[in-house]
Each structure stands twice: as structure tokens, then as C-alpha cells.
């Protein structure tokens, strides 16, 4: 019996000598704006994706020019924390080296687009100047670690949130390739073996690996969509430990029934001192048992389904050397961000700003970028990104609130934010076109316009203040987590989306495919009918997602 052929990416990783490959040489080749094929895979592990401007493809092709290549760079920001100094340090870089827009992602970090090849290394060095890095922000490794953002959710929030940085550091690759290539660090001898890496070895993981930490009663991180999750458990006012989950993941492929979104299973409970070993061993089991032949079947969710949950847990516990305890009870009561001011148990104040689809830009009546720059200049608070593509101002003293409010008011934040409908402030969208090479349809450029038309339907049916969640993704990979929304729109082709319905508002349930390939008129007509029926036929306290799920169940 012949051995199955490994995915070509597996060979690229093994031959890369610790993610070095020929990146240094590719970067020096200014005859083309792209990297070599192998290096395009390797550079992901450095937090970078090669892209091109798809709006200009036809124009460039007609002129017999190569595509307008550029690069997206994603920062590693465990828990979404960034200081005012770091924020201000990024601003000149935006104008000089990028498309000019900071994008807040659904994984609680920042990415920038439009960096041409000649500016990649200077940009990385600029980040390093402000103690920022992009190590393992992409690629077949642990990605940016998410954590519940709002300090007012729990008296031990700070201690739990700190685990995001601890896990991120614990799961970092050991290679010094990042410092060599981008920061002119000491070079590894071409004949020497790369640095030993007990976790990633020379193979790294079969696919990306995502970790999140939820702090009940809030579930902004969509904990059950994570490869590995930790749910903080409070007992008698103290942090007792964490429920451990594994096997979440939302990406799928149109027309491939073997791929599917999946919510994580709960494995058990661990104490705080067991967290780092547990997440390391979950990743190690995935390293050894994950599918390295078919990358579409390589995520941890498929590993667990193939092994069986019992066998996966048994293997994990064998490596840990202890049994996971029985999961503890907890409750989620919210997933959307709370906008405006909230006070925590230390009497510190925190303000959450709405950033539509995570694009930090100025609009005439809502000047988010200028407001944040001005607030950073005061150094009266720190910044934290949320898993819902928004930004928080943290730890504002009571005597400083008036200063912050004055800035917010001057830039239209206070007035405009108070008038926005919940369906807009709860919405998420991925980048999609024109830069994402996987996008089949628009997302962040189109969703605000579509929401305006849906708002008119909500108004028509007296539902304007209903907190319906809607999420749009330009392709079935689902970076905006559309499969976990009450209304999910997944791009199928230009102007056409799969409509998915029936997710809940707290993240316990995935939605269901309702209709395929709808255009805008069909989406609006379908939602018009559904909203009319919901307004008339919902039970007391029933959400739109629960109503749709009930109707879908009855239809079955």
C-alpha cells in the first residue's frame, strides 16, 4: 500500500529551514512585485499575505503588465491591546507605506494593506521600533489569541485577559528567521540545522490554529468557533479555572460537502496553572494527527471528527498526564459590544467606539480616525480592540472623562453613535474585494449600503431596535463568522450570496443554509417576508434567529 501524497505546502515548510526559504532573495528581486511561489506560502508565517488589486486586473492585463501586487501585513496583538504610543507610531507609516487605512480584524488585531514589496522590510522594522511584531499572525501556526475585551465583565478580568499574551508567547515558533529576514539579525549558517522547535518541529501545524478566551457573561470572541477555547469560571468571586473547548472552525468550500462549519466540543475543566500545557498539547495532537494530505480537511475540527471525540480527549489526557475535570457551569448573556461608557469594579471608566467593519477612517459626520488620534495624543487611556471590530478606550479616570467626551463630541462620535440602529452596530464584514484573493463577492465595501436597505425593512415592521446580528463574508472561509450569525451572507459570486438563517445571539448555535446565490433584490424580498412574519408570529422574548430556527425546524 503506497503512502498518501502530502500536500505540496508540507514540503515547502519542511524544506524552509525554519521558515527562511528563499525569502531574503525574493525580497531583493525588484524585477517583479511578487515573491516566488514557495515564499508566498512561507511569508504567511511571518504575518504577511501576497495580494493584488483585483479592481485593476483587467486594466493591467490589457497593458501586458503583471498584476498590481502588494502585501497585507497583520500584527500580533494578543487580546487586542495597543498603547497610545504604538497607535500614534503607526500613523505616519499608514501614509508612507500602506493604502492608508487601518483595518481592525475579527480576531482582535490590526492589518494594513497595499504595502509594495520594496516597503515590506522597512514596514516590519517600523513595527519593531514600537515593539510590535507580526510573528505567526498568519500561516500554519497559532494565530492571534483573542480574549474578552471589557474589564467591567468580571472582577478578575485583568488576570484572565493576561492569558492571551501568555498563550501567544507559549505557542510562538522558535525560529529566529523573523529577526534575520526583517531586522537584520545574525544569519543562520546555510549548512546548519534550524533551531529545534518542540511544538512545531520542522512541519509546523497542518493548518491554522486559533485560540480564544471567553470571560462570561460575555462571548464576543465566539468561543465555540475557536480551535481551542478557554472559558473563565468564577466560583465564590474567584477565578477557579477554565472550561476547555476544542474543534471549532467556520471555513468551508462551496460544493464540497466534506467541508463544513463546526462548533467546538467541551472537553473538561482545568485550573489556571494547567492552561499553558493544555493548549500546547491540543496543538501537538493536531500536529501529529491532522490531515497533511488534503488542506481542506486539515483543521482541528476534522481531526476530532475523524478520530472521534473520546479518542481525541484520551490522547490529549495521555500527553498531559492528568484527566480533565468535569466542566463547570457558566452563562453567556451577550455577544455584541456595549457602546459608550461603562465603569468597572475599580472605578475605572471604559468607552467603546463603533468602527464600521473595522475600517478606521473619517466620514464627514463620524471621524473615527481623527478622534482616536486626538485621544491617543492625550495619553489619558490605553486602547483595546474587540472581537467585533471595534475599539475601546481603557482605564479612563473619572476626572478625565470630560476631556475624552469633548474629543468624541467634536468628531461626531457621541451624536452619531447614539443614532445608529443595532443591526448596523452589531454587523461584521471581512475585507473581501478588492484585495483578498479568495473573495467571490463584496463584503466590507457593500454591507453598509445593504444594511441601510434592511434598516428600512426593520422600520417598516417596527423592528428598528431589534438587536439582530448580520454578518457578511466574501467567500465561504467565513472570516467574519457569518455561520454564527442570525443572518449570514456568504459570497458565492459577484453580487450573489448564500442566505443563512437561525443562528442565536449568544454563539451557542450555527445558522442553516436557507437559500443559495441570492442577489440583492432577492435578499431584501426574502428578509421582508421573514421580518413581517417574525413581527407578527414571534413568541415573547424570541429573537429573530430563534424564530427562524423554530420555523426551519417545523418545516423539516
Report, in whole Å, the centroid distance computed from the Cα atoms of segment 183-243 and segment 317-364. 17
Cα point-scatterer Debye curve for the chain, base-10 log of I(q)/I(0) at q = 0.11, 0.12 Å⁻¹: -1.05, -1.27
For residue 91 and residue 554, what does the FRET efficiency come to when R0 = 51 Å and r is the distance between their Cβ atoms, rounded to the nearest 0.05? 0.40
As a test, work out the antiparallel percent of DSSP beta bridges whose residues both lie in segment 435-556, rounded to the nearest 5. 70
I need two numbers for segment 340-420: Rg to one decimal and Dmax as a whole number, Cα atoms only, in Å. 11.9, 37
Tell me, in nm to one decimal, what length is gained between residue 346 and residue 333 on full extension, where the rule is 0.36 nm per residue of separation less the Cα-Cα distance? 2.4 nm
I need the peptides 357-369, 66-78 ranked by packing, meaning the mean over residues of other C-beta atoms within 10 angstrom, with the highest value on top. 66-78, 357-369
Rg and Dmax of segment 424-555, Cα atoms only, in Å: 13.8, 44
Just to compare against my own numbers: the Cα pair-distance distribution for segment 249-382, 10 Å bins, whole % per bin, please. 9, 24, 21, 23, 20, 3
May I ask you to order 382-390, 285-293 by the average number of other C-beta atoms within 10 Å around their residues, highest value first? 382-390, 285-293
Take the Cα of residue 322, step 7 Å along the line toward its Cβ, and report every residue of segment 201-234 whose backbone nitrogen sits under 16 Å from that point. 233
Segment 520-556 and segment 39-79: distance between their alpha carbon centers, rounded to Å: 40
With a point put 7 Å past each Cα toward its Cβ, work out how far residue 5 is from residue 295 in nm, to one decimal. 1.5
Placing each pseudo-label 7 Å from Cα in the direction of the beta carbon, residue 539 and residue 162 end up separated by a distance in nanometres of 4.4
Which value in nm describes the separation of the simple spin-label points at residue 276 and residue 22, placed 7 Å from the Cα toward the beta carbon? 3.9
Helical contribution to [θ] at 222 nm, DSSP H n ≥ 4, -39,500 (n - 2.57), averaged over the chain, rounded to 500: -9500 deg cm²/dmol
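Read-outs throughout are calculated quantities, based only on the coordinates presented, and are distinct from any laboratory measurement. Every value quoted in this text rests on a predicted model; they were computed, and no experiment measured them. Don't worry about glycine lacking a Cβ; one is built from the backbone with ideal geometry, like all the others, and counts go over all protein chains shown.
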